Every structure is written in C-alpha cells, then in structure tokens.
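Peer 1: Please read through the structure below; I'll follow up with questions.
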Amino acid sequence: MEDESKMKMKERFGLRRDIFKEFLAEFLGTFVLILFGCGSVAQTVLSRGALGEPLTIHIGFTLGVMMAVYIAGGVSGAHLNPAVSLAMVILGKLHIKKFPVYVLAQFLGAFAGSCAVYGLYYDALMEYTDGEFAVTGANATANIFASYPAKHLSVVNGFVDQVIATAALILCILAITDKRNIGAPKGMEPLCIGLIIMAIGVSMGLNCGYPINPARDLGPRLFTAVAGWGMDVFRAGGCWWWIPVAGPMVGGAVGAGVYFLFIELHHPQPEKLDKINDQDKYEIITMS
C-alpha cells in the first residue's frame, strides 16, 4: 500500500524533463555546500575561535562539497560551481543551453544556504555584533558568508590566486572523473573531490580564503547586502567582489584547456584501446 502511494505521488508530481531535475539537484547540492561550509566559518567566528579554527573550516568545506556531490552527482553531475560548468561546456561535456540553468541554480542554492546559516546562528550573531553588522574590522561578520582579501593582497595577485586555485580544482576534478585515466572507484568520486578542496584550503587559503566559485561567493555576498551589512560588501577591499567571480571563470577555462592539451588529447582511441587490451590478454595467456 505504501509503495502504491509512492508510485501515485511520483506519477503526479515527478518531474519528466531532465533539465528541471538537474536544476533542483544543483540548487540542493550548492545549498548543502554553503550550509556546511559557511556554517563552519560562522561557528569559528561567532565562538571567537573557541569552537573552530582554520582547519575546522577546511573540514567543513571539504565535507560540504563531498556531501553535495553525493546529493547531486547522479542527477546533474554536481558541478556546484559556474567555473566547473564552464569547463564542462568547453570540453563538450555539458550542452551550452544548460549552462545558464546550472548557473542560476547554483547562485540560488548559495543564496538559500546563506539564509539557512543566518537563521541557524541568528541569536549568536546578534549577541556577537549587538545588532551592528560590520563588513571590516575586529568585529567583522560579513566574512562568514563571502571572501575578503588579506591586507597584503593586491588586485593582480588576488586575480592570479583565483585563476591558479580554480584551474587546480578543474584539473583534479577532470582527472578524478576521467574513466580513460586512472579515475576514482565508482562511488568514491565525491570523497576525492572533497579532498581536492582540503588540499586547496591548506595550500592556497592565505590570500583570500579560496572562494574558487562565483556562486559560492557572489550568492552569499548578495544575501549579506540585503540582510543588514549593506553595499559595503561590494566596496570593501577595493571593490574586491568581482575577483572571486571573474578569476574562477578564467581559471575554469584554463584548467579545462590544460587538462585537454596535456592529458585527454593523447588518450588512445577506443578501437586502439581495445586492441591494446586484447594484446595484454594474449600476453597474459602466453605467459601462464
């Protein structure tokens, strides 16, 4: 009886078109990424370091990405990032017509995730700030949601930082999901992709906190602009906001191009691969 009711619900409410399913998957995956990632930042900032540190933030984003990929991977591929979607378009793994749909879902998911973190920590945020939301300074809280540059960081260095870090992300994702390379065991891809975030966090987080994702940064920044921090979130750091938007998109294209030119272009053709496998089998038989 229960299975029959589920079937009726599926027939009545289940989506038929793939693009709608993919939109929901990207939205929910990005939502979970922000919930765990920005949630770990909120716990660290609002506890004044008593219940968190940089390592726990790295772990929060690592696990957030991993769980998000498990949630959305089988439906949309779990891009969760416009730079990843752009790389897939460039490599012909995503139809360009789907690109704006994926990007919209990712931005909305990130915005909704910020709303959830704000609601989760609302009382702690009010106690910490006395209702005065600061973008910069000792009691700044806007950095819970979006990235801001370190004092030493120039605009050029910040842009280069985002290009390199995002290109590294794309390179590793392509290697993990490339079945004609070593690849990752089926079902282990989310764990491996999460570990990429850990590696980037512990090696490239000093300058600006490794946003490497336009949706992850701009969506929460828009939320802070309307939730009480004001337009200073766009003016701070010498109008820093555009760098974690443009830099990762350039990095996504660079990472896709480098992986294609250095690795994917040189894979043997399927028929040649079959001949090589047949030859290996023959050699194994003759050696036994």
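The values are calculated or read from the model by the stated rules, or taken from the named source; none is laboratory data. Just so we're clear, the structure is a prediction, and the values are computed from it rather than from any experiment. Cβ coordinates were reconstructed from backbone atoms using ideal geometry, including for glycine residues, and neighbour counts include every protein chain displayed. Just so you know, the surface numbers come from the protein's heavy atoms only, side chains and all, with ligands and any DNA or RNA stripped out. Shrake-Rupley method; radii C 1.70, N 1.55, O 1.52, S 1.80 Å.
Peer 1: Quick check on packing: order 49-55, 251-257 by the mean number of other C-beta atoms within 10 Å, highest mean leading.
Peer 2: Ranked from most to least packed, the peptides come out as 251-257, 49-55.
Peer 1: Go through 120, 28, 171 and list them by solvent-accessible area, largest first, probe radius 1.4 Å.
Peer 2: Sorted by accessible area, descending: 120, 28, 171.
Peer 1: A further question follows. Residues with beta-carbon under 13 Å from that of residue 37, excluding residue 37: net charge, scoring Lys, Arg +1 and Asp, Glu -1?
Peer 2: My count for the surroundings of residue 37 gives 0.
Peer 1: Number of Lys-Lys pairs in the chain under 19 Å by Cα, sequence gap 8 or more or different chains?
Peer 2: Close lysine pairs under the 19 Å cut-off: 11.
Peer 1: Could you look at the chain and say what percent of its accessible area is carbon and sulfur, using a 1.4 Å probe and all protein chains?
Peer 2: 66 percent
Peer 1: Using only DSSP helix segments of four residues or longer, with each worth -39500 (n - 2.57), what per-residue ellipticity at 222 nm results for the chain after dividing by its residue count and rounding to 500?
Peer 2: Helix-only estimate at 222 nm: -23000 deg cm²/dmol.
Peer 1: Probe of 1.4 angstrom, ligands and nucleic acids ignored: what's the accessible area per residue over the stretch 150-237, in square angstrom?
Peer 2: 45 Å²
Peer 1: Considering only the other residues whose Cβ falls under 9 Å of the Cβ of residue 110, what net charge follows from Lys and Arg at +1 and Asp and Glu at -1?
Peer 2: So the surrounding residues net to 0.
Peer 1: With all protein chains present and a 1.4 Å probe, how do 102, 70, 148 order by accessible area, largest first?
Peer 2: Most to least solvent-accessible, the answer reads 70, 148, 102.
Peer 1: Something else about it: Determine the distance separating the Cα centre of the stretch 1-73 from the Cα centre of the stretch 182-234; give it in Å without decimals.
Peer 2: Going from one Cα centre to the other spans 14 Å.
Peer 1: Calculate the FRET efficiency for residue 47 and residue 140 from the Cβ-Cβ distance with a Förster distance of 25 Å, rounded to the nearest 0.05.
Peer 2: E between residue 47 and residue 140, to the nearest 0.05, is 0.95.
Peer 1: Only one of the listed values, (1) 16.5; (2) 20.8; (3) 14.6, was derived from the coordinates as mean projected area of the Cα convex hull in nm²; which label is it?
Peer 2: (2)
Peer 1: Obtain the nm distance between the two label points defined at residue 104 and residue 10 by a simple spin-label model: each point lies 7 Å from its Cα along the Cα-to-C-beta direction.
Peer 2: In this crude label model, residue 104 to residue 10 measures out at 2.8 nm.
Peer 1: Could you state the accessible area per residue of the stretch 57-132 in Å², with a 1.4 Å probe and every protein chain left in place?
Peer 2: On a per-residue basis, 45 Å².
Peer 1: Moving on to the next point. Find how much the distance from residue 93 to residue 56 grows on full extension, using 0.36 nm per residue of separation minus their present alpha carbon separation; answer in nm with one decimal.
Peer 2: That pair, residue 93 and residue 56, stretches by 9.9 nm at full extension.
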